[in-house]
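**Student:** Here it is, the structure, as structure tokens.
Readers should treat all values here as calculations from the given coordinates under stated rules, not as data from a laboratory. Because the structure is a prediction, the values reported are computed rather than measured. Counting neighbours? That spans all protein chains shown, and the Cβs are built from the backbone with ideal geometry, glycine included.
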């Protein structure tokens, strides 16, 4: 079947352009509608995401506050415990005599060849030493060294069993520390 168009050529062109214009208008209308729909969808998604973000941030803040409370209480307990330990150490260090000074004062007194086997301090002021000496003269020299060191020590005893043998002597002495050495 053939369609015969009996309209004049100018009118046919007019109708042709009018159809094209309607198509362009339809295309523009559809584009604007789709553009508006896309904008609305993006705006709705943005609102949804912002609302979700606020909810997530609120729950994070709530969890952080709970964690901070728990951590803070644990941290405070740890800090208190460490501070108590440091305070105990400082108190003990302040109360304890300075034994290093006593050892430093005693170290040069034994003559060469004399062996000190034990060095004990009892009551904070009394020193007891035991040891071995190859000769009686070295034991007597140790006794005299301690006796003449009146700045640091005093009141040395003189057990006679320390000088009974002439060689291979096991000796022991007890003497006192002067208060000035402990400060």
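**Student:** For the chain, set up a Gaussian network in which alpha carbons nearer than 10 Å are linked by springs, and say which option among 56, 24, 67 fluctuates the most.
**Tutor:** Its mean-square fluctuation being the largest, the pick is 24.
**Student:** Still on this structure, I have one more. Convert 10 °C to kelvin, take the viscosity as 1.306 mPa s, use the Kirkwood radius over C-alpha pairs of the range 105-152 as Rh, and evaluate the Stokes-Einstein diffusion coefficient in µm²/s, rounded to a whole number.
**Tutor:** Values: Rh = 11.4 Å.
Rounded to a whole number, D works out at 139 µm²/s.
**Student:** A further question follows. How many nm separate the modelled label positions at residue 60 and residue 17, each set 7 Å beyond the Cα in the direction of the Cβ?
**Tutor:** Taking the two extended label points, one gets 6.1 nm.
**Student:** While we're looking at this one, here's another question. If contacts are Cα pairs under 8 angstrom and at least 6 residues apart, what is the relative contact order of the chain in percent?
**Tutor:** On the way: 148 pairs, mean separation 29.7, N = 183.
So the answer I get is 16 percent.
**Student:** Given the Cα-Cα distance of residue 45 and residue 77 and 0.36 nm per residue of separation, how much length would full extension add, in nm? All intermediate terms of the calculation are to be shown ahead of the outcome.
**Tutor:** Details: separation 32, 0.36 × 32 = 11.52 nm, distance 4.71 nm.
So the extension gain works out to 6.8 nm.
**Student:** Calculate the spin-label point distance for residue 116 paired with residue 164, positioning each point 7 Å from the Cα along the beta-carbon direction, and give it in nanometres.
**Tutor:** Calculated label separation equals 2.5 nm.
**Student:** Could you work out the percent of alpha carbon pairs in the chain separated by over 29 Å, rounded to a whole number?
**Tutor:** Taking all Cα-Cα pairs of the chain, the fraction more than 29 Å apart is 66 percent.
**Student:** What's the long-distance tail for the range 99-182, i.e. % of Cα pairs beyond 22 Å? Numbers along the way, then the final one.
**Tutor:** Working: 634 of 3486 pairs.
Tail of the P(r) past 22 Å holds 18 percent of the pairs.
**Student:** Still on this structure, I have one more. What percent of all Cα-Cα pairs in the range 46-102 falls into each 5 Å bin, going from 0 up to the bin containing the maximum distance?
**Tutor:** Bin by bin from 0 Å, the calculated values are 4, 16, 10, 11, 8, 9, 7, 7, 6, 5, 5, 4, 3, 2, 2, 1, 0.
**Student:** Using the alpha-carbon atoms, what tilt in degrees (0 to 90, nearest 10) does helix 9-95 show relative to the longest principal axis of the chain?
**Tutor:** 10
**Student:** Now, a different point. What whole-number distance in Å separates the alpha-carbon centres of the range 3-30 and the range 112-183?
**Tutor:** 131
**Student:** With axes computed from alpha carbons, what is the tilt in degrees of helix 136-148 against the longest principal axis of the chain, rounded to the nearest 10 within 0 to 90?
**Tutor:** So the inclination is approximately 70 degrees.
**Student:** At 25 °C and a viscosity of 0.890 mPa s, what translational diffusion coefficient does Stokes-Einstein give for the range 8-96, taking Rh as the Kirkwood radius over Cα pairs? Give it in µm²/s as a whole number.
**Tutor:** 119
**Student:** What full-extension length gain, to one decimal in nm, is calculated for residue 154 and residue 30 as 0.36 nm per residue of separation minus the Cα-Cα distance?
**Tutor:** Numbers: separation 124, 0.36 × 124 = 44.64 nm, distance 11.45 nm.
Full-extension gain reported as 33.2 nm.
**Student:** If you don't mind, another one. Mean residue ellipticity at 222 nm from the helices of the chain, using -39,500 (n - 2.57) per DSSP H segment of n ≥ 4 over the full residue count, to the nearest 500 deg cm²/dmol?
**Tutor:** On the way: 3 runs with 108 residues, N = 183.
Counting only the DSSP helices, I get -21500 deg cm²/dmol.
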